[in-house]
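J.: Please find one structure pasted underneath; my questions will follow.
The values are calculated or read from the model by the stated rules, or taken from the named source; none is laboratory data. What you are looking at is a predicted structure, and each value in this text was computed from that prediction instead of being measured. Cβ atoms come from the backbone with ideal geometry, glycine included; neighbour counts cover every protein chain shown.
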Ligand SMILES: *Cc1c(COP(=O)(O)O)cnc(C)c1O
């Protein structure tokens, strides 16, 4: 019987029944760059920390287990993970990417990856014809679901079937739901990406990124690449993310509970013109997310009736912080137009639905009464 996710956030079965590391319950931080060899031609299994470090390895095994992958790679940031993944392609390869991706991913593809002669086609994977964009040189489909920030939901199983049919791989950035709510590999994806900075770490105190796969060929390429390029996660940060993961389930449940209450509260506000939250029954992706995930998450995007009101809300919040990032214990609100998606060209932003009236909130684990009270105060007088 497969153990539950909360258990798997805490325990790695393969290390059980042993009292390694003096029985320490908190996995030790192996703060070392290199490892002494027992003799010539011998190794303890560890030679140099760019290639491997026990603390990072313990974290990688934990994340691979949570996603149902055969291997995981822990990197210094989410962007380092996506950058490393881009190295598995070769000049002339074509990638179909979701149009409403995290702004940093679009910035990477358009300003760095294109230099390698990669070709990108952006489509709205929740409604456009993906198959129609496939070409002879298409090697991958790269999606997020729900998307950042417009919360579009696309059908992972359906897109995985298209990818298989055309012999390309499906990459899913699973940052928004975390492995607690969604496991794309089990739905047919080949590679999962995480910004570990967000829900996995969960405390807004460090950066990290992950690549998880169950494809042996990709796994071998990535093991070579992480050793060669050197953006592996440092031992102390690996420990922080391991500690964060221990409470992943509790945090996801509490922040989702807050999100559901806030999404419904926002709907009752006169100045709110639209709420994008896949947990609302009227969200166009509601049935799909219910089918492929175990929860809706805690990210809410909403539009107000004017740019002035959007800016006023950002100025009025006090306990809720006006800050980039998401997925931590504290509730944050951000303004995609000038923050997370500032480098996405305005016409692309507007086409994706990101307007100067759009705000994005990541609900934390505070008491929901206090969050509602805070929002009531921030919205006061804005009519
Ligand atoms: C934040 C984020 C990233 C980038 O991760 P960093 O850890 O900030 O480098 C990638 N994808 C999504 C969906 C994100 O929200």
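J.: Could you say whether any residue in region 161-169 is part of a loop (DSSP other than H, G, I, E, B), at pLDDT 95 or above and under 18 Å from the mean Cα position of the chain (by Cα)?
T.: No; the residues of region 161-169 include none that is part of a loop (DSSP other than H, G, I, E, B), at pLDDT 95 or above and under 18 Å from the mean Cα position of the chain (by Cα).
J.: For residues that are near the ligand (Cβ under 10 Å from one of its atoms) and farther than 20 Å from residue 360 by Cβ, scanning just region 52-81, find the one that is nearest to the chain's Cα centre (by Cα).
T.: So, considering only residues that are near the ligand (Cβ under 10 Å from one of its atoms) and farther than 20 Å from residue 360 by Cβ, the one nearest to the chain's Cα centre (by Cα) is 81.
J.: Could I ask something else about it? Filter region 194-231 down to the residues that are over 15 Å from the mean Cα position of the chain (by Cα), surrounded by 18 or more Cβ atoms within 10 Å (Cβ to Cβ) and within 14 Å of the ligand (Cβ to nearest atom) and list them by number.
T.: 231
J.: Go through region 89-144 and report how many residues are away from the ligand (no atom under 16 Å from the Cβ) and part of a helix (DSSP H, G or I).
T.: Residues in region 89-144 being away from the ligand (no atom under 16 Å from the Cβ) and part of a helix (DSSP H, G or I): 6 in total.
J.: Another one. Among the helices (runs of 4 or more DSSP H) lying completely within region 197-270, list those that include at least 2 residues that are closer than 28 Å to residue 11 by Cβ, at pLDDT 95 or above and touching a strand residue (DSSP E or B) at 6+ places or on another chain (Cβ under 8 Å).
T.: 216-229, 235-245
J.: Within region 272-283, does at least one residue satisfy the condition of being in a loop (DSSP other than H, G, I, E, B), assigned by TED's automatic domain parsing to the domain that holds residue 61 and within 17 Å of the chain's Cα centre (by Cα)?
T.: No - not one qualifying residue is present in region 272-283.
The rows are residues; the columns are (1) in contact (Cβ under 8 Å) with a residue 40 or more places away in the chain; (2) loosely packed, with under 13 Cβ neighbours inside 10 Å.
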{"site": "21", "(1), (2)": "no, no"}
{"site": "38", "(1), (2)": "no, yes"}
{"site": "41", "(1), (2)": "no, yes"}
{"site": "75", "(1), (2)": "yes, no"}
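J.: Follow-up. If I filter region 171-186 down to residues being within 16 Å of the ligand (Cβ to nearest atom) and within 11 Å of residue 213 (Cα to Cα), which single residue comes out as surrounded by the fewest Cβ atoms within 10 Å (Cβ to Cβ)?
T.: Checked region 171-186; the qualifying residue surrounded by the fewest Cβ atoms within 10 Å (Cβ to Cβ) is 171.
J.: Name, by its number, the condition in (1) farther than 19 Å from residue 82 by Cβ; (2) surrounded by fewer than 24 Cβ atoms within 10 Å (Cβ to Cβ); (3) touching a strand residue (DSSP E or B) at 6+ places or on another chain (Cβ under 7 Å) that does not hold for residue 151.
T.: All conditions are met except number (2).
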